[in-house]
Amino acid sequence: MKISFAKPGVPESGTVVVMAGEGGKLCPAAETLDSRTEGALARAAKAARFKGARGSTVTLLAPAGTGLDRILLLGLGAPRDLNDLAWQDAGGHVCAALAVNGPSTVSVIVESPAGCKMAPAEAAAHFACGARLRGFRFDKYMTRQDDDGKPTLAALRILVEAPGEARTTFAPLDKVVDGVVLTRNLVSEPANVLYPESLAETARRLEDLGVKVKVLDEKDMRKLGMGALLGVAQGSAHPPRLVTMDWNGVSEGKSKKAKPGKGDGPVAFVGKGVTFDSGGISIKPAAGMEDMKWDMGGAAVVIGLMAALAGRKARVHAVGVIGLVENMPSGTAQRPGDVVTTMSGQTVEVINTDAEGRLVLADALRYCQDTFKPRAMIDLATLTGAIIIGLGEHTAGLFANNDKLAKALTQAGERVGEAVWRLPMGEDYDKQIKSDIADMKNVGGRSAGSITAAQFLKRFVGDLPWAHLDIAGVTWAKADKPTVPKGGTGFGVRLLDRLVADVYETK
Ligand code: BES
Ligand code: MN
Ligand code: ZN
């Protein structure tokens, strides 16, 4: 979606979007169009029982008295609730309403109704951001789409007072959306196209944005003793990779903010990158197994986040580490009962080869700490089916050894509309992963499956502030939301970008 900003003025042709507040009260540009159409807009609104509710729309086609093809009246709801998220939703609603029914360019007159605290320029920037987010499509493999079903909307002209200001506010948001789009594209790719080597190559492209990228191959990882990650990888014809991405946007001499977490190391993000999870020898049932192409969702968020931070030149030192493997059954695959030695030296009895994400993360987390000495570390993983049972598809599971970090993540989530919910941890749960033969086993039984997975990860984290986000439920959406079309969501990119801006970025 191409976005441009210009001074207001009622267009003479094409499709125009205007707005109404609570109770259907027309904003000034809508009033103007209503009088030009001799009251047709207000009549149409009344006929459609339009009350200005958030996200509701009325369409007037080929209105007489104008040269316009279409007027779309958008409801904004209660003005006091019009924050950045509500404006993003508004952009998403307009995008959804107009995506497939004709126009390629649409003019939107953004006005904040009386009582809305947000300045029009800022509102316009968030509107644009929401439209871009909703306009995402993954249709590269659709070669036979018929013309009628094909989306037409390609550009939004946003008309607003102070378009320059809107442009300035939009610029960093635009980069964050680029990151979300990258993540969504990656989780959408099938596993025959996206495997550890090809995903590592994609991460490499971040070098164009000024990110330092390093790719470790199997030999490197063997030398480092990453027996847990390599054990998962050994059943696949695709060799594993471990990628580090280093963005240092802190200019010399600037003071560094260091909370939560001490020292001046970077903030680190670690992602599970299982490019396909068949379960391995503990093979999964056939139904729904295709979903496991997005078992690299954590790694995709880390890549998208690094792209967002570098793209908007965030004043932060941030690193990303992603462990990339394919979990397959074969004659060389690891077996239930195998014991592997992790990079940390701790041994793991692999009871179930389908609990592979934690094995990959064990070594990635350790490598991250040894290499970067981070001040804080946050991992993301589509780790457990249990988190979907517990929290469903709208909230990610949060686990942390640090209350401040947990709180900051929760607040960041609220601000960007990506909810996280903290779950407990503790010694009683840790007991569930005791092994009779090794330092631990990789599963803890049926109860509290997401918590025991987090306990497992914790054993590979030192005393630095650490948080784990279980994103198994939120990585793929079965239904549209205003700014998230169904499919890969990119959940986590906006959340962690916000966390960085709130906590780790120098002003
Ligand atoms: N990748 C899965 C978790 C998952 C399930 C993600 C559904 C997204 C949707 C993970 O590797 C896995 O298989 N976990 C097992 C763990 C069990 C064997 C302890 C699970 O949740 O069933
Ligand atoms: Mn699995
Ligand atoms: Zn998995």
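The values are calculated or read from the model by the stated rules, or taken from the named source; none is laboratory data. Predicted model only: the values in this text are computed from it and were never measured. Heads up, the Cβs are rebuilt from the backbone with ideal geometry, glycines too, and the neighbour counts pull from every protein chain shown. SASA here: full protein model, heavy atoms, side chains in, ligands and nucleic acids out. Shrake-Rupley method; radii C 1.70, N 1.55, O 1.52, S 1.80 Å.
From most to least packed by mean Cβ count within 10 Å, the peptides 371-379, 270-278 give 270-278, 371-379. Spacing of the modelled spin labels on N248 and T32, each 7 Å from Cα toward Cβ, amounts to 5.2 nm.
With the biggest extent put first, the Cα atoms of the stretch 280-336 measure 47, 24, 13 Å across the principal axes. Each of D354, D463, D146 has its accessible area taken with a 1.4 Å probe; listed largest first, they run D463, D146, D354.
In Å³ and rounded to a whole number, note down the convex hull volume per residue for the Cα atoms of the stretch 340-450.
In the stretch 340-450, the Cα convex hull volume per residue is 115 Å³.
With all protein chains kept in place, the per residue accessible area of the stretch 2-162 amounts to 45 square angstrom at a probe of 1.4 angstrom.
Across the chain, C-alpha contacts under 8 Å between residues 6 or more apart give a mean separation that, scaled by the residue count, equals a relative contact order of 15 percent. Counting only Cα atoms, the chain measures 83, 54, 42 Å along its principal axes, largest extent leading. Over all directions, the projected convex hull of the C-alpha atoms in the stretch 2-162 averages 9.0 nm² in area.
Near D277: Cβ cut-off under 13 Å, other residues only, Lys/Arg at +1 and Asp/Glu at -1. The net charge is -2.
Entry note, the chain: the mean residue ellipticity at 222 nm calculated from DSSP H runs of n ≥ 4, each adding -39500 (n - 2.57), is -10000 deg cm²/dmol after division by the residues and rounding to the nearest 500. Other residues within the sphere of radius under 15 Å centred on the Cβ of G487, judged by their own Cβ, net out at +2 (K and R +1, D and E -1).
The K478 and A53 beta-carbon pair, evaluated with R₀ = 30 Å, returns a calculated FRET efficiency of approximately 0.80. The portion of the accessible surface of the chain made up by carbon and sulfur, rounded to a whole percent, is 51 (1.4 Å probe; DNA, RNA and ligands excluded). Computed over the stretch 273-368, the range of Cα coordinates on each principal axis works out to 47, 36, 16 Å, biggest value leading.
Across the stretch 197-347 the C-alpha pair distances fall into 10 Å bins from zero in the proportions 11, 34, 31, 17, 5, 1 percent.
Rolling a 1.4 Å probe over the protein heavy atoms gives the stretch 175-504 an accessible area of 38 Å² per residue. Extension gain, T371-A162: 0.36 nm per intervening residue step, less the Cα-Cα distance, totals 70.6 nm. Rounded to the nearest 20 debye, the dipole size of the chain about its Cα centre is 860 debye, using +1 on the Cβ of Lys and Arg and -1 on the Cβ of Asp and Glu.
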